[in-house]
Amino acid sequence: MGSHMSETRISSLPPRSSTDAASDAPSDPSIVTRFAPSPNGKMHLGHAFSAVLAHDLAKEAGGIFLLRIEDIDGARSRPELADDFRRNLEWLGLEWDEVPAQSTRLSTYEAAASDLAERGLLYPCTCTRKEIEAIGAQQGADGLIYPGTCKGQNCDPDRPAALRLNVEAAMREVGEVVWTDETAGAVIADPREFGDVVLVRKDAPASYHLAATLDDAADGMTLVTRGEDLFAATHIHRILQELLRLPVPHCHHHALLLDTDGKKLAKRRGSPALSERRIGGEDGLMLAEQLRLHKLKGGILL
Ligand SMILES: [Zn+2]
């Protein structure tokens, strides 16, 4: 640490509301992007590609690139891994402002969930993964599509319950909504690939979908960049934006870096940690340039 870039971070910046994002922004806020990693594993090349892309889209337009640590998964998140991400971003030559980590925003998530629950849009679900598998649920965009077993039922109060979005009721409330992807163009939100998603987990006050949607609004995001593996999640996020009356950012879903087998780079598949390359003396600026030029896309050098 101790480079010039540590001064550009604003770790105590409070979450911005959608209305004051423009007034306290340090420069032209016309484009605000973010890199939002979960510190439950080390940063790998796929993360770096995503970060460089979001950074450049903002900086080339005189906009703002934010880092948000998505550490809502308290049991698996580790502060030293968040630091690993920061050090690697520095090494890649990126400049960012850091907004508060998700673990500091839990009351915002709870308030939004209460609002939805009071409007009758959530219901408790005590099903375990095994139970959902046993019903023969269909595979959707993000795992099994929950068949709605607990909807309209009285759950056993002694079993831990998640809260699911009643997608049918939500769609009745919002009607047809559209979102815009930089490549796919206008997309009609259709959350049926997800079924009734979990918004409040059994072990956390929000799921990824609820937390990320609220944070993007609070941070004044105008352009959400993420891998195309999360394309379908935007259907859900768009419905949540409408239900919670949040501003609607544009989306840029980018292609994923693939390894030499043509499979998505992922830490669980043994993709090498970026920090090993950094500590090994590799030039981070050069690596960022290679990523910019898509030289690593397909058959990449591992
Ligand atoms: Zn259930």
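Residues with beta-carbon under 10 Å from that of residue 216, excluding residue 216: net charge, scoring Lys, Arg +1 and Asp, Glu -1?
Details: positive: 34, 68; negative: 215, 219.
Within the 10 Å Cβ shell, the charges total 0.
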Which of the peptides 182-190, 209-217 is most tightly packed, and how do the rest follow, going by the mean number of other Cβ atoms within 10 Å of each residue?
209-217, 182-190
Proximal charge balance of residue 115 [Cβ under 15 Å; K/R count +1, D/E count -1]
-2
To the nearest 20 debye, the range 74-136 has a Cα-centred charge dipole, built from +1 on Lys and Arg Cβ and -1 on Asp and Glu Cβ, of 300 debye
Could you state the number of Å between the C-alpha centres of the range 120-176 and the range 26-85?
31 Å
At 7 Å along Cα-to-Cβ for each site, give me the label-to-label distance between residue 104 and residue 203 in nm.
2.5 nm
Dividing the mean separation of Cα pairs under 8 Å (6+ apart) by the residue count of the range 107-210 yields a relative contact order in percent of 32 percent
So how far, in whole Å, is the C-alpha centre of the range 235-252 from the one of the range 183-231?
8 Å
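Taking the Cβ-Cβ separation of residue 155 and residue 254 as r and a Förster radius of 45 Å, what is the calculated FRET efficiency to the nearest 0.05?
Numbers: r = 40 Å, r/R0 = 0.89.
E between residue 155 and residue 254, to the nearest 0.05, is 0.65.
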Environment charge at residue 167 (Cβ cut-off 11 Å; Lys +1, Arg +1, Asp -1, Glu -1):
-1
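Taking R0 as 30 Å, what FRET efficiency do you get between residue 114 and residue 178 from their Cβ-Cβ distance, rounded to the nearest 0.05?
On the way: r = 28 Å, r/R0 = 0.93.
The calculated FRET efficiency here is 0.60.
For a quick check of your reading of the filter: which GluC sites (Glu not before Pro) in the range 51-94 sit in a DSSP loop and have no more than 12 other Cβ atoms within 10 Å? Mind dumping the intermediate values first?
Details: sites: 60, 70, 80, 90; in loops: 60, 70.
Filter output for the range 51-94: 60.
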For a bin width of 10 Å, list the pair-distance distribution of the range 107-210 built from all Cα-Cα distances, rounded to whole %.
14, 43, 33, 9, 1
Grab the Cα-Cα distance for residue 138 and residue 95, subtract it from 0.36 nm times how many residues apart they are, and report the gain in nm with one decimal.
11.2 nm
Using the Karplus curve 6.51 cos²θ - 1.76 cosθ + 1.60 with θ = phi - 60°, what ³J(HN,Hα) values do you get for each residue of the range 139-147, in whole Hz, with x for Gly and Pro?
6, x, 5, 9, x, 6, 7, 5, x
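Taken together, the values in this text are just the output of simple stated rules run on the coordinates, not laboratory data. What you see is a predicted model; the values in this text were computed from it and never measured. Every residue, glycine among them, receives a Cβ derived from its backbone with ideal geometry; neighbour counts consider all protein chains shown.
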